[in-house]
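Enquirer: This is the structure, below, for whatever I ask next.
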Amino acid sequence: MKSYVGVTDYDWFTLVKSRNELDEVNFWQPGGSRQFRALSEGDLFLFKLHSPRNYIVGGGLFAHSSLLPISLAWKAFGMANGVRSLEEMRTRTLQYRRSSLDRGDFTVGCIVLSQPFFLPEDLWIPVPSDWSPNIVQGKTYNLTAEPGATLLRQLQEALAGLAVGESETPRYGPDVIIKPRLGQGGFRILVTDAYERRCAVSGERVLPVLEAAHVRPYSRGGEHSLGNGLLLRSDLHILFDQGYLTVAPDKRLEVSSKIRDEFENGREYYAYHGQPIRSPRHPDQLLSKKNIEWHNERVYLG
């Protein structure tokens with residue numbers, strides 16, 4: 001099992017810690033030029049504060065990484081970015097970027113972490129023995145070999161020292177496999193990347209108007225998962241949610257006659273009727289047949 005110890009600032013940590021209802025956080029990187037690839041899904045990502053606070057203070061499960069316009073990162077995660085506004089996020093990012101000419105909707109690196117946890121100060125863990133003060137972003141550790149094994153033991157002891165409230169204390173170790181549970185923000189980013197940032201129906205590439213649609217709404221038992229996600233242009237998303245569009249079992253779009261009956265219009269949408277929707281390339285990212293059937297039977301105004 002691998003872990004990555006990422007360096008962050010105290011303000012980011014205290015803000016996300018104060019919002020104890022968070023089910024995910026975005027550990028963003030200001031550079032925005034290289035995608036984070038040090039971990040696999042489910043690996044442990046730990047938070048280390050900037051010097052002189054040389055301690056590991058929390059962490060979460062790595063779910064996904066992406067490079068996104070800063071506006072989309074804010075829209076997807078809000079205060080789970082560890083800032084209170086888009087303007088604050090922009091200001092902090094520019095403090096770390098080399099160029100003072102960055103303007104507009106520039107790109108930031110996003111590391112989506114599920115099931116975050118935060119240690120009280122009396123349980124903070126000193127950095128591993130081989131940690132160098134020259135490390136700027138972070139360092140990867142093998143948790144089955146030293147000094148990673150000691151780090152894992154210290155983490156397990158710290159988590160055992162936490163008071164157990166309504167939720168279980170998280171458990172981590174080589175013998176424990178945990179699947180990250182996506183939140184709304186992580187769902188949006190995973191769906192966006194799985195569909196290669198193109199609308200599954202129209203092929204639209206303008207990112208600000210693309211939205212991650214739940215085939216079965218989360219409020220009605222649907223999951224934040226790729227098997228329940230479809231990337232759609234915002235107007236198509238609205239029509240899909242309201243039942244004017246659906247996906248047939250053969251992965252073709254169906255357009256309800258209700259659009260014509262109720263609005264005496266809809267020529268653009270009927271042009272898509274019967275067309276195959278675009279699908280992710282990876283088989284494990286495809287829409288679930290069960291979710292498609294649910295939408296056909298419970299939502300579609302056929």
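The values are calculated or read from the model by the stated rules, or taken from the named source; none is laboratory data. Since we're looking at a predicted model, the values are computed, not measured. Here the Cβ is made from the backbone with ideal geometry for all residues, glycine too, and neighbour counts use every protein chain on show.
Enquirer: Going through the range 118-149 one residue at a time, which ones are at pLDDT below 95 and closer than 24 Å to LEU190 by Cα?
Expert: Across the range 118-149, the qualifying residue is only GLN137.
Enquirer: Only one of these conditions is not met by GLY82: (1) at pLDDT below 95; (2) more than 21 Å from ASN134 (Cα to Cα); (3) not hydrophobic (A, V, I, L, M, F, W, C). Which number is it?
Expert: Only one criterion is unmet by GLY82, namely (1).
Enquirer: Between a residue in the range 202-224 that is in contact (Cβ under 8 Å) with a residue 40 or more places away in the chain and any residue that is among the β-branched types (Val, Ile, Thr) and surrounded by 21 or more Cβ atoms within 10 Å (Cβ to Cβ), which pairs come within a Cβ distance under 7 Å, given they are 6 or more apart or on different chains?
Expert: Going by the 7 Å Cβ cut-off, the qualifying pairs are VAL215/ILE292; GLY222/VAL215.
Enquirer: Can you tell me which condition VAL57 does not meet? The list is (1) closer than 18 Å to LEU207 by Cβ; (2) in contact with a Leu (Cβ under 6 Å, 6 or more places away or on another chain), and all the others hold.
Expert: (1)
Enquirer: While we're on this one: What's the total number of residues in the range 202-216 that are surrounded by fewer than 22 Cβ atoms within 10 Å (Cβ to Cβ) and farther than 22 Å from TRP74 by Cα?
Expert: The number of residues fulfilling the criteria is 3.
Enquirer: I need every pair where a residue in the range 240-261 that is free of Cβ contacts under 8 Å to residues at least 24 places away in the same chain and surrounded by 14 or more Cβ atoms within 10 Å (Cβ to Cβ) has its Cβ under 7 Å from the Cβ of a residue that is of a type outside the set (Asp, Glu) and not in a loop (DSSP other than H, G, I, E, B), sequence separation at least 6 or different chains.
Expert: Close Cβ pairs (under 7 Å, with a partner that is of a type outside the set (Asp, Glu) and not in a loop (DSSP other than H, G, I, E, B)) amount to VAL255/LEU245; VAL255/TYR269; VAL255/TYR270; ILE259/TYR269.
Enquirer: Scan the range 113-120 and tell me whether some residue there is closer than 17 Å to ILE56 by Cα, free of Cβ contacts under 8 Å to residues at least 60 places away in the same chain and not in a loop (DSSP other than H, G, I, E, B).
Expert: yes
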